[in-house]
Amino acid sequence: MSAPLPIVMAITGASGAPYAVRLLQQLLVVRQPVQLIVSSHGLRLLRTETDIDSQETLRVAVGADAWDALVTVYDDDDRGAAPASGSARNRGMVICPCSMGTVSAISQGTSRSLVERAADVALKERRTLVLVPRETPYSVIHLENMLRLTRAGAVVLPASPGFYHRPSAIAELVDFVVARVLDQLGVEHQLGKRWGDAPDDA
């Protein structure tokens, strides 16, 4: 049996670091290979919101053994890395969280970094591309850029947790959004009940 194709995951500088950490953790739980790109602003975000101040701290936070087996890290400045080429196969890409600057660059096709180039590749190769913005309010420019990306085939999935499941902790709000992201990536998970599930079907 061949190894599963990797998912490209990028972390950029929009607020929402807990979503990124939990998403990466859950991808590793199901043994999904990940090609990880963390922008400089993404690392600053991790430091500010989660006290994760380095790649090594992130490795420990999501599980060192799984990281070592499944995660390949690429420098955001390396536009010659595997995710920058359409001939390098993967099963899609997620940018979580996704800054409005990143949304703008991708929507205009003006890639200046590996994150933006990898997203450009996902669009041109007709692969899954999930963008998780965490911004409020949206300007007309933001909305137009997101509409442009949606028309190009991307999934824009704002980090907007629901409340119908009666969350009692921040972690449950994070899991709500992460579960929606995993669904869009086609990754099985056990994060919470689905609407209509019986109480014992979670």
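Somewhere in the stretch 51-58, is a residue within 21 Å of A122 (Cβ to Cβ) and under 16 Å from the mean Cα position of the chain (by Cα)?
no
Return only the number of the condition from (1) within 20 Å of L36 (Cα to Cα); (2) surrounded by fewer than 18 Cβ atoms within 10 Å (Cβ to Cβ) that I141 does not satisfy.
That leaves (1) as the condition not met.
Yes/no matrix, rows are residues, columns are (1) among the polar types (S, T, N, Q); (2) not in a strand (DSSP E or B):
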{"residue": "L5", "(1), (2)": "no, yes"}
{"residue": "M9", "(1), (2)": "no, no"}
{"residue": "G13", "(1), (2)": "no, yes"}
{"residue": "V21", "(1), (2)": "no, yes"}
{"residue": "L24", "(1), (2)": "no, yes"}
{"residue": "L45", "(1), (2)": "no, yes"}
{"residue": "T57", "(1), (2)": "yes, yes"}
{"residue": "V60", "(1), (2)": "no, yes"}
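Quick check on this structure: which one of V8, V62, V38, V30 is touching a residue at least 40 places away in the same chain (Cβ under 8 Å) and within 14 Å of V94 (Cα to Cα)?
Matching residue, one of V8, V62, V38, V30: V8.
Has the stretch 105-118 got at least one residue that is more than 23 Å from L36 (Cβ to Cβ) and not hydroxyl-bearing (S, T, Y)?
yes
Can you pull out every residue in the stretch 93-125 that is surrounded by fewer than 17 Cβ atoms within 10 Å (Cβ to Cβ) and over 22 Å from P6 (Cα atoms)?
G101, Q108, G109, T110, R112
Which one of R180, R117, R127, R148 is in contact with a Lys or Arg (Cβ under 8 Å, 6 or more places away or on another chain) and not in a loop (DSSP other than H, G, I, E, B)?
Just a single option satisfies the conditions, and that option is R117.
Regarding the stretch 155-172, can at least one residue be identified that is surrounded by fewer than 16 Cβ atoms within 10 Å (Cβ to Cβ) and within 18 Å of P6 (Cβ to Cβ)?
no
Report, by residue number, each residue of the stretch 94-114 that is outside any strand (DSSP E or B) and touching a residue at least 60 places away in the same chain (Cβ under 8 Å).
Scanning the stretch 94-114 gives S99, M100, G101, T102, S113, L114.
Filter the stretch 181-202 for residues that are at pLDDT 90 or above and in contact with a Gly (Cβ under 9 Å, 6 or more places away or on another chain); which is surrounded by the fewest Cβ atoms within 10 Å (Cβ to Cβ)?
G186
So that you can scan it fast, the table gives a plain yes or no per residue for (1) under 16 Å from R134 (Cα atoms); (2) at pLDDT 95 or above:
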site	(1), (2)
S15	yes, no
Y19	yes, yes
Q26	no, yes
Q32	no, yes
D53	no, no
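The values are calculated or read from the model by the stated rules, or taken from the named source; none is laboratory data. Owing to the predicted nature of the structure, the values given are computational and were not obtained by experimental measurement. FYI the Cβ positions are ideal-geometry reconstructions off the backbone, even for glycines, and counts take in every protein chain you see.
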